[in-house]
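What follows is calculated from the coordinates using simple rules that are stated; it is not laboratory data. Bear in mind that the values here come from a model prediction, so they are computed numbers and not experimental data. We place every Cβ from the backbone using ideal geometry, glycine too, and count neighbours over all the protein chains shown.
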Amino acid sequence: MPAKYTSYIVKSGDNLSRIARRFGLKTWQEVYEDPENTAFKSRRRNPNLIYPGDEIRISDRCCELEMTNECPYAGMRSGYTCPPGYVKNFWTCTEGTRTIGCGECSKAPSSSCWSATDDDWQCSIWWWIS
């Protein structure tokens, strides 16, 4: 399955490192050097100078998760919690040599991140395992 992308609009106070962490990436370079961000990179030749309103494309990697509604967690992201009436689903996926933990809260058990629909989904989260 080809990579899916999320469009992210830069907000006041954002920087590429903060955006990368929010989306579970290890470095800002993973955002800046992604081929989907060629147009952004040509407008912002200095990665330290980004502006509110800039659009950045973020690869959903091997997990297709809705990042605008991150599941609540305390401590480690893998300790996320679900609201009453939702079940915690967890799986791993591999991208190259990296293993990513993927989780979501939905109304029914799920074995993959692509099986939930908008109607039964509450939140999602992902984190690096290794």
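Side notes on the structure shown:
- On the basis of the beta-carbon distance and an R0 of 30 Å, Arg21 and Arg43 show a calculated FRET efficiency of 0.85.
- Taking a Cβ cut-off of under 13 Å around Trp28, the surrounding Lys, Arg, Asp and Glu residues balance to a net charge of +2, with basic ones at +1 and acidic ones at -1.
- Point-to-point label distance, Gln29-Asp54, nm (Cα→Cβ direction, 7 Å offset): 1.8 nm
- Checking every one of the trypsin sites (Lys or Arg not before Pro) in the range 8-49 against DSSP loop status and a limit of 15 other Cβ atoms within 10 Å picks out Lys11, Lys26, Arg45.
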